[in-house]
Amino acid sequence: MTSPLNSFQVDAIKSELLTLLKHLREDVGHELQDQEGERVHEAMKEAHDRGDEASAELDATINITNMSRHLGEIKECQDALQRLMNGSYGLCLGCGEEIELNRLKANPVSARCLSCQSKEERVHREGHRASL
Ligand SMILES: [Zn+2]
């Protein structure tokens with residue numbers, strides 16, 4: 001089975017993914033710098049002025065959460081680019097069916113069709129519940 005997209009669409013999605021990847025890398029770059037100083041320091045200082053160091057620690061934690069989310073998104077982007085290269089882009093990883101074009105346009109890193117995605121999310125939720 002080949003990708004349901006024509007080469008024009010593949011090019012458009014490829015450049016979109018590359019732009020997204022660039023932005024994500026910039027974000028992570030900024031977040032790494034933040035960890036080392038300036039903005040965390042600023043946040044601490046502001047929090048100290050508010051008499052509220054705990055929330056500065058929270059800010060730093062949120063920063064790390066953002067960073068790991070961005071790293072996950074970079075991975076998704078790279079995977080999507082790889083699928084573009086090998087021609088499997090646009091096909092669901094779960095069932096092999098074509099992913100709706102509108103879905104790909106809304107979220108070019110989509111690797112699963114809507115029904116497989118919701119199945120996946122349900123499994124994750126149940127997995128979390130089971131581990132509690
Ligand atoms: Zn599917």
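The values are calculated or read from the model by the stated rules, or taken from the named source; none is laboratory data. These numbers come from a predicted model, not from an experiment. Note that each Cβ is placed from the backbone with ideal geometry, even for glycine, and that neighbours are counted across all protein chains shown. Surface accessibility is based on the protein's heavy atoms, side chains included, excluding ligands, DNA and RNA. Shrake-Rupley method; radii C 1.70, N 1.55, O 1.52, S 1.80 Å.
Structure notes:
- Matching residues in region 95-121 - criterion: being in contact with a helix residue (DSSP H, G or I) (Cβ under 7 Å, 6 or more places away or on another chain) and surrounded by fewer than 15 Cβ atoms within 10 Å (Cβ to Cβ): CYS95, LEU114
- Taking the criterion of being of a type in the set (S, T, N, Q) and either open to solvent by less than 60 Å² (accessible area, probe 1.4 Å) or more than 18 Å from HIS30 (Cα to Cα) (or both), the residues of region 47-63 that qualify are SER55, ASN63.
- Qualifying residue in region 122-132 (condition: open to solvent by 70 Å² or more (accessible area, probe 1.4 Å) and either at pLDDT 95 or above or in contact with a helix residue (DSSP H, G or I) (Cβ under 9 Å, 6 or more places away or on another chain) (or both)): no
- Count of residues meeting criterion [assigned to a loop (DSSP other than H, G, I, E, B), open to solvent by less than 50 Å² (accessible area, probe 1.4 Å) and within 16 Å of the ligand (Cβ to nearest atom)] in region 68-94: 4
- Residue selected from region 102-121 under the condition in contact (Cβ under 8 Å) with a residue 24 or more places away in the chain and more than 26 Å from ARG25 (Cα to Cα), by the criterion nearest to the ligand (Cβ to nearest atom): CYS116
- Taking first residues from region 20-31 that are without any contact (Cβ under 8 Å) to a residue 60 or more places away in the chain and surrounded by fewer than 17 Cβ atoms within 10 Å (Cβ to Cβ) and partners that are in a helix (DSSP H, G or I) and of a type in the set (Val, Ile, Thr), the Cβ contacts under 9 Å between residues at least 6 apart in sequence or on separate chains come to ARG25/ILE74.
- One residue alone among THR61, THR19, THR65 is under 19 Å from the mean Cα position of the chain (by Cα), assigned to a helix (DSSP H, G or I) and closer than 22 Å to LEU5 by Cβ, and that residue is THR19.
- ALA60 in contact with a Phe, Trp or Tyr (Cβ under 8 Å, 6 or more places away or on another chain) and of a type in the set (A, V, I, L, M, F, W, C): no
- Candidate set from region 8-19 (those that are open to solvent by less than 70 Å² (accessible area, probe 1.4 Å) and aliphatic (A, V, I, L, M)); member that is modelled with the lowest pLDDT: VAL10
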